[in-house]
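See below for the structure under consideration.
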Amino acid sequence: MYAAKNHLENLDLYLEHDAGYEDLDLDAEILDAASAPKLVFNHTTEGVLEGCHYVTVDTDYCLNLSPGQQKLYEILVSLQEGAVYSVTTVGKLAKAMGLENPMAAGKRLEHLQTLGAISGFKL
């Protein structure tokens, strides 16, 4: 029997939402660290800015995404296509999606990377 690791049913989708972190006692330092990672779009030379993820979005991605992943994917596509060069943080992406916990946004990014919709986000 074959199993697809990068299939939606194999991902912890509950962690893509604020409710997935309600039972955890997260202090401000942990949330700040989860908000801090920077994502760079439309830059050809990796490593110019230290500590950043140089992300490329597959604008032709057509496989199934969860509603949260779809929302993030659309934001990332607009960032990639809407500017010559763009930088954002996981925290800003969380706010753009209406999430209170940046860890949920980070999990959505991880899942998009696993599914092949984006590349360059180092897990």
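No lab work stands behind these numbers, since they all come straight from the coordinates. In this text the structure is predicted, and so the values were computed from the model without any measurement. Note that each Cβ is placed from the backbone with ideal geometry, even for glycine, and that neighbours are counted across all protein chains shown.
Just give me the residues in the range 71-85 being touching a residue at least 12 places away in the same chain (Cβ under 8 Å) and either among the aromatic types (Phe, Trp, Tyr) or more than 13 Å from residue 118 (Cα to Cα) (or both), in sequence order.
We begin by selecting, within the range 71-85, every residue touching a residue at least 12 places away in the same chain (Cβ under 8 Å); these are 71-73, 75-77, 79-81, 83-85.
Residues satisfying the conditions are 71, 73, 81, 83, 84, 85.
Consider the range 64-88 and keep the residues that are over 10 Å from the mean Cα position of the chain (by Cα) and polar (S, T, N, Q). The one that is surrounded by the fewest Cβ atoms within 10 Å (Cβ to Cβ) is 64.
Considering only the range 105-123, state which residues are touching a residue at least 24 places away in the same chain (Cβ under 8 Å) and either closer than 16 Å to residue 41 by Cα or more than 8 Å from the chain's Cα centre (by Cα) (or both). Outline the logic, then answer.
Taking the range 105-123 and keeping what is touching a residue at least 24 places away in the same chain (Cβ under 8 Å), we get 105-109, 111-112, 114-122.
Listed by number, the residues that qualify are 109, 112, 114, 115, 116, 117, 118, 119, 120, 121, 122.
Give the number of residues within the range 93-123 that are among the basic types (Lys, Arg) and either within 16 Å of residue 14 (Cβ to Cβ) or touching a helix residue (DSSP H, G or I) at 6+ places or on another chain (Cβ under 8 Å) (or both). It would help to see each step written out before you state the result.
Initially, the range 93-123 is screened for residues among the basic types (Lys, Arg), giving 95, 107-108, 122.
Narrowing further to those that are either within 16 Å of residue 14 (Cβ to Cβ) or touching a helix residue (DSSP H, G or I) at 6+ places or on another chain (Cβ under 8 Å) (or both): 107-108.
Summing the residues that are among the basic types (Lys, Arg) and either within 16 Å of residue 14 (Cβ to Cβ) or touching a helix residue (DSSP H, G or I) at 6+ places or on another chain (Cβ under 8 Å) (or both) in the range 93-123 gives 2.
Among the residues of the range 90-104, those identified as in contact with a strand residue (DSSP E or B) (Cβ under 9 Å, 6 or more places away or on another chain), among the hydrophobic types (A, V, I, L, M, F, W, C) and either crowded, with 18+ Cβ neighbours inside 10 Å or without any contact (Cβ under 8 Å) to a residue 12 or more places away in the chain (or both) are 90, 93.
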